[in-house]
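Contents: one structure, followed by commentary.
The values are calculated or read from the model by the stated rules, or taken from the named source; none is laboratory data. These figures come from a predicted structure and were not determined experimentally. Quick reminder, even Gly has a Cβ in these numbers, built from the backbone with ideal geometry, and neighbours come from all protein chains shown.
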Amino acid sequence: MTGPDRTEFYERRATLVRQAVEKRKEAENYREMFVGCAILYRALGEYRTKDGANWMLKKGGCKMCAEKEALLDAITDDGFEEVIAIVVVGNLQADDHSGRKPPTLHPCKLCRDMFQFFRLGPSTIILTIRIEGEFLRAEDLIYQEQNLLALLEYHRLDTDTNGSL
Ligand SMILES: [Zn+2]
């Protein structure tokens, strides 16, 4: 990733976190697993953001991930160029696919596959934030920042044959 994109992310980091936390309030989930996402991307030479919230009203029912909603919105924007960062805020849970228990909520397998399908760069910043209950104080949040390559490696199973970046 080039320097200016990274600088732009750090300048907007706090705002992006607030955006994801705010959007999370629109989430609906029968298990009360609420997730909010904010994405920083570049389109037509300028930096823009989109956000999303998850919903799943009943077990086995239709579901939408916060990351998917935000990403589809971003990549279909006029002149979309590149995703710079994905910020995810949610309650902690183990990964359904890899069985890993990261310190923060990571994008699920379907979302990780989607990131690869849309050819997000390996250095795309993935900022995941654990939130417990209501958003009260900054101390209630636990941050984990890595790039997409590290996220994929962390969840890669020995049996996985696809998904090389
Ligand atoms: Zn997902």
Tell me which residues, restricted to segment 37-75, are within 21 Å of I129 (Cα to Cα), of a type in the set (V, I, T) and over 11 Å from the mean Cα position of the chain (by Cα). T49
Checking T76 against (1) farther than 28 Å from D140 by Cβ; (2) crowded, with 17+ Cβ neighbours inside 10 Å; (3) of a type in the set (S, T, N, Q), which single condition isn't satisfied? (2)
Would you pick out the residues in segment 130-142 that are touching a strand residue (DSSP E or B) at 6+ places or on another chain (Cβ under 8 Å) and either assigned to a helix (DSSP H, G or I) or modelled with pLDDT of 95 or more (or both)? D140
I'm told R130 meets every condition in (1) closer than 19 Å to D51 by Cα; (2) more than 13 Å from the ligand (Cβ to nearest atom); (3) surrounded by fewer than 18 Cβ atoms within 10 Å (Cβ to Cβ) except one. Can you identify the failing condition by its number? (3)
For segment 1-119, list the strands (runs of 3 or more DSSP E) that sit wholly inside it and hold at least 3 residues that are within 14 Å of the ligand (Cβ to nearest atom) and touching a residue at least 24 places away in the same chain (Cβ under 8 Å); which are they? 35-43, 80-90
